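A quick write-up on the structure given underneath.
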């Protein structure tokens, strides 16, 4: 799957830190990062990447609350913790839609990220089935050797 994205759009160019921060905050990336956006939203760790982007988005309001709310640290930390908790609930609830929107913004057709993740899942399931089938065949062969059958 990762090679397929690179084959479709040329080499995958990772954005520099300042552009990634802009991307994590919801901004678009230049066209040369198009295949990287597809990789970012379809690789095996796409869920963890989404969570990391969400935490970056919540870092700014959290820092502002910690710095400027006129109360004790316990209340500030409780407010930030509650905000991050609720923010993560919403972020996880709309994870597929958010990543799909990023892919559309990069210039791909709607449904591209979902279909690539589904294809990768099918390939992984086939590999796992083959591995289990081979392991079962080995166990059966060992059993036949032990029992003489």
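Every read-out reported here was derived from the displayed coordinates using simple, explicitly stated rules and does not represent laboratory data. All values derive from a computational prediction rather than experimental measurement. Virtual Cβ from ideal backbone geometry, glycine too; neighbours counted across all protein chains shown.
Inside the range 25-48, can you point out the residues that are surrounded by 17 or more Cβ atoms within 10 Å (Cβ to Cβ) and part of a helix (DSSP H, G or I)? Before the answer, list the steps.
Taking the range 25-48 as the starting set, the residues that turn out to be surrounded by 17 or more Cβ atoms within 10 Å (Cβ to Cβ) are 29, 33-43, 46.
Result: 33, 34, 35, 36, 37, 38, 39, 40, 41, 42, 46.
Give just the number: which of (1) without any contact (Cβ under 8 Å) to a residue 60 or more places away in the chain; (2) not in a helix (DSSP H, G or I) does residue 52 not satisfy?
Going through (1) without any contact (Cβ under 8 Å) to a residue 60 or more places away in the chain; (2) not in a helix (DSSP H, G or I) one by one, residue 52 breaks only (2).
Select from the range 97-137 the residues that are closer than 16 Å to residue 40 by Cα, assigned to a helix (DSSP H, G or I) and touching a residue at least 40 places away in the same chain (Cβ under 8 Å) and list them in ascending order.
Hits for the range 97-137 are 98, 99, 100, 102, 103, 105, 112, 113, 116, 117, 119, 120.
Filter the range 53-99 for residues that are exposed (fewer than 11 other Cβ atoms within 10 Å of the Cβ) and within 25 Å of residue 28 (Cα to Cα) and give the result.
Hits for the range 53-99 are 60, 89, 93, 97.
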